[in-house]
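Structure first, commentary second.
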Amino acid sequence: MNISMTRIQAIFMKDYKEFSRNYAVSTMALLPLIMAFVYNQTGAHTISMYFLSINMAFSVVTTYIQCCLIAEEKEKNTLRSLMLSPASLGDILIGKSLFVFIVTSVIVAMTIFIVGYKPSNLFIIAIALMLSAVFYIALGTLCGLFTKSIMEASIIVLPVMLIFSFGPLALALSSTNPIVKIAEWLPSSQLLVLAEALERTYTTMDVIIPIATIIAWSLVTWIVAGFIYKKRMVD
Amino acid sequence: MNTVIDVQHLKKTFNKEAALKDVSFTIQKGEIFGFLGPSGSGKTTTIKILTAQTEKTAGDVLLFGRPANEMKQSNNRKRFGILTDNSGLYTRLSIEENLLLFSNLYQLPKSAVKEALDFVNLYGERKKKISQLSKGMMQRVTLARAIMHKPELLFLDEPTSALDPVNTQHIYNGLRKLNEMGTTIFLTTHDMSEAEILCDRVAFLHKGKIRAIGSPKDLKKEFGDDSITVELKNGACEVIQTGEQDAEKLFNWMQSNEVSRIYTNEPTLGNIFMQITGSDLV
């Protein structure tokens, strides 16, 4: 694939300027911070509560913003303009994703700070959070490619946000509804499983399985997103 | 190799409905080729196939001697520029920011932005946001973007549809200048006078088929009837043939100083189109 740093940087800067002037989308980045503050005030300092805020940051910021950025490009026909320029699939997706990745990193770091989460193994958690960000960006890309406008994007992203943010909470119902056990394999649940394991004595497999699961979700979602993008290139 | 576009027996169907039926034409390097027809005749579909935005159903389509499908490749996209009716500009960014983005995507020097803005007469307005522009100004920004990288081949889909006469003239002059520098231009329009002013050759597309192709001059000769109209000072209008038979009549009117105006009855491209298709242009 033909990748150019100049083109990636150009798309990144364009997205930064567009995002900073689009208050309808950029103010959404504040929502997880408000939620984190509210949770912190409740005094419930548990790992699952911390990760409810963190997973919400991923859904609301990462998936929603990426989805809206792509949906707006489609709505205004600018994605077609990019596709007709020398920018390759890699340039466009990396340029857009890099911007959302940086916004996500800042918001997730601030969320962790506000809720007061102090992981026992910061290195492993940081890797798992970065891999999760990559997955949620892919998810946002996929949702954006399926929509035709920002209005549609705001609706299509809601169930996705609900499933991935609150999936781990559904596990509480798994004793009465065994089918809900599937939620255990969501990347958001695996992130929680990993974080909980790190707070006690853990084995290598306790770390590898959640991380491998998140990587598998990312890979599959990116492959599907790439395939859909290529299909959208032609009418 | 001088053939820039070579289309043979091109067919395109959408949901079993034929948009293009056996379309064939070639365009040589340095030509301004007009693809004329009413809305819905298949002009935009042809551009989309040529620029690899739509797959053809059947036929051969070559650009620069390579299958049109290869125009998806990054390096090949630098060889053409495109202006469509759907601008695809970033409305929250300024004119300059929009062009700077594309100059970076094409990896051009910053001076290319100024050159392109001068070309469309918008350098003074460069700080304005796209959302504040009129449709005509947006059209000019899109044109600046299309020509910024000095493409070998330029696709223009209704380039002056939203422009006033002064800016239309400015764009015509610019396109001629580009063409003199070697850019081949593929122009679709339903404005027959535009085609007459700009094009070396035109093709009439109607209901997915090419009905006639040639230079405007040759088409007028082919479809004209060699008659001239003489307006006399008494208000009468006489149509006479340019042969020997009516020469004496004309001579007598001129001798007796009765002639007010003489003009040829050369058909316009619009007349020819209607003659061929029996349709009005939309």
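Miscellaneous remarks
- Looking across A:THR6, A:THR46, A:THR42, one residue alone is farther than 25 Å from A:LEU142 by Cβ, within 14 Å of chain B (Cβ to nearest Cβ) and among the β-branched types (Val, Ile, Thr). It is A:THR6.
- Test for B:LEU219: is it crowded, with 16+ Cβ neighbours inside 10 Å, outside any strand (DSSP E or B) and modelled with pLDDT of 90 or more: yes
- A:ALA128 over 16 Å from A:PHE19 (Cα atoms) and surrounded by 18 or more Cβ atoms within 10 Å (Cβ to Cβ): yes
- Considering residues of the range B:133-163 that are of a type outside the set (Phe, Trp, Tyr) and part of a strand (DSSP E or B) only, the residue modelled with the lowest pLDDT: B:ASP157
- From B:GLY182, B:GLY174, B:GLY235, residue being part of a loop (DSSP other than H, G, I, E, B) and over 30 Å from B:GLN8 (Cβ atoms): B:GLY235
- Failed item in (1) within 9 Å of another protein chain (Cβ to nearest Cβ); (2) touching a Gly at 6+ places or on another chain (Cβ under 9 Å), with B:LYS43 passing the rest: (1)
- Single residue of the range B:202-216 satisfying the filter (part of a loop (DSSP other than H, G, I, E, B) and small (Gly, Ala, Ser)) that is farthest from the chain's Cα centre (by Cα): B:GLY208
- For the range B:239-258, filtered to residues that are assigned to a loop (DSSP other than H, G, I, E, B) and surrounded by 11 or more Cβ atoms within 10 Å (Cβ to Cβ), the residue that is modelled with the highest pLDDT is B:GLU258.
- Residues satisfying the stated conditions in the range B:62-80, i.e. more than 9 Å from chain A (Cβ to nearest Cβ) and either touching a residue at least 40 places away in the same chain (Cβ under 8 Å) or of a type in the set (Gly, Ala, Ser) (or both): B:LEU62, B:LEU63, B:PHE64, B:GLY65, B:ALA68, B:ARG79
- Among (1) in contact with a Gly (Cβ under 8 Å, 6 or more places away or on another chain); (2) in contact (Cβ under 8 Å) with a residue 60 or more places away in the chain, the one test that B:PRO267 misses: (2)
- Conditions (1) buried (at least 20 other Cβ atoms within 10 Å of the Cβ); (2) at pLDDT below 90; (3) within 12 Å of the chain's Cα centre (by Cα): number failed by B:CYS199: (2)
- Tallying residues that are over 19 Å from B:PHE35 (Cα atoms), out of contact with any strand residue (DSSP E or B) (no Cβ under 7 Å at 6 or more places or on another chain) and among the aliphatic types (A, V, I, L, M) within the range B:141-174 yields 5.
- Among the candidates B:LYS56, B:LYS48, the residue that is free of Cβ contacts under 8 Å to residues at least 24 places away in the same chain, under 20 Å from B:GLU17 (Cα atoms) and basic (Lys, Arg) is uniquely B:LYS48.
- Single match in A:GLU18, A:GLU75 (criterion: in contact (Cβ under 8 Å) with a residue 40 or more places away in the chain, facing chain B (nearest Cβ under 10 Å) and of a type in the set (Asp, Glu)): A:GLU18
- Neighbours by Cβ (under 7 Å, 6+ apart or cross-chain): first from the range A:31-48, at negative phi; second loosely packed, with under 11 Cβ neighbours inside 10 Å and charged (D, E, K, R): none
One line per residue, one yes/no per condition, for (1) touching a residue at least 60 places away in the same chain (Cβ under 8 Å); (2) of a type in the set (Ser, Thr, Tyr); (3) in contact with a strand residue (DSSP E or B) (Cβ under 8 Å, 6 or more places away or on another chain):
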{"residue": "A:PRO168", "(1), (2), (3)": "yes, no, no"}
{"residue": "A:SER175", "(1), (2), (3)": "no, yes, no"}
{"residue": "A:GLU184", "(1), (2), (3)": "no, no, no"}
{"residue": "A:ALA195", "(1), (2), (3)": "yes, no, no"}
{"residue": "A:THR201", "(1), (2), (3)": "no, yes, no"}
{"residue": "A:THR221", "(1), (2), (3)": "yes, yes, no"}
{"residue": "A:TYR229", "(1), (2), (3)": "yes, yes, no"}
{"residue": "A:ARG232", "(1), (2), (3)": "yes, no, no"}
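The values are calculated or read from the model by the stated rules, or taken from the named source; none is laboratory data. Values in this document were obtained by computation on a predicted structure and should not be read as measured data. Note that each Cβ is placed from the backbone with ideal geometry, even for glycine, and that neighbours are counted across all protein chains shown.
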